[in-house]
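Comments concern the structure below.
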Ligand SMILES: *Cc1c(COP(=O)(O)O)cnc(C)c1O
């Protein structure tokens, strides 16, 4: 097996204080998660509803599961019982459905708004203008079973570090702007989730405080 424990230690040792690590375990077997769990990791990221349900059933109940993938509204019901955070909310409709399903299970779900900043690659997420407009319109204020905790984004998959930095900086500025305009009184609105195995040092340099690392801990994903 990949040296999950050693890799995890190495990643953690490279992080400044106050940065949260989401260990992205999608497509990796439960045994890999157990190794990381035994080394102290508690936050794991998954991107498919069925896989999350299966792993939730098999693994310790104090794991905090983040749903990091694109979520269709018809799958919300399947993930809401298991997640502590849904990271990639990309429409008001999805936010509303999370609120509805969370109400039905008597839970409050933490969410991040996904912002689309990449020139290439990911096609999901609000543009910064759509995100501003959605927040300004204010319908989300009526959703009492979701708590908006910040922003999530992905940069273009490229070796051009200046481009990656520029894209993450767009998210960083939007975070500051929304914090001031709509979330100044929200302690919860504090999460800046950007950075993956190949770009997390750049992410940290642009204000990220939550990184989502898969390959660097668990090795290549087997489909
Ligand atoms: C798969 C995935 C990651 C982890 O990517 P690695 O390059 O393996 O670290 C992070 N964030 C999201 C949204 C993902 O889908």
Mean Cβ count within 10 Å, highest first, over the residues of peptides 42-50, 26-34: 42-50, 26-34
Ranking of 198, 110, 160, 99 by count of other Cβ atoms within 10 Å, fewest first: 160, 198, 110, 99
Relative contact order %, the chain, counting alpha carbon pairs below 8 Å whose residues are six or more apart: 21 percent
Cα centroid of region 56-86 to Cα centroid of region 94-125, whole Å: 12 Å
Likely footprinting exposure, 200, 82, 2, fewest C-beta neighbours within 10 Å first: 2, 82, 200
Sorted by Cβ neighbour density within 10 Å, fewest at the top, the residues 192, 100: 100, 192
For region 159-223, the fraction of alpha-carbon pairs in successive 5 Å shells from zero, as %: 4, 17, 23, 19, 16, 12, 6, 3, 1
Average Cα contact separation per residue, region 92-215, under 8 Å, 6 or more apart, as relative contact order %: 23 percent
Square roots of 5 times each gyration tensor eigenvalue, C-alpha, region 68-216, largest first, Å: 25, 17, 13
Label-to-label distance, nm, for residues given as residue 107 and residue 169 (7 Å Cα→Cβ offset): 3.9 nm
Simple spin-label estimate for residue 72 and residue 162 in nanometres, 7 Å along Cα-Cβ: 4.2 nm
Residue 181 paired with residue 12, simple spin-label distance in nm, labels 7 Å along Cα-to-beta-carbon: 3.9 nm
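None of the figures in this text is laboratory data; all of them are computed from the coordinates on show. Keep in mind that what you see is a predicted model, and the values were worked out from it rather than measured. FYI the Cβ positions are ideal-geometry reconstructions off the backbone, even for glycines, and counts take in every protein chain you see.
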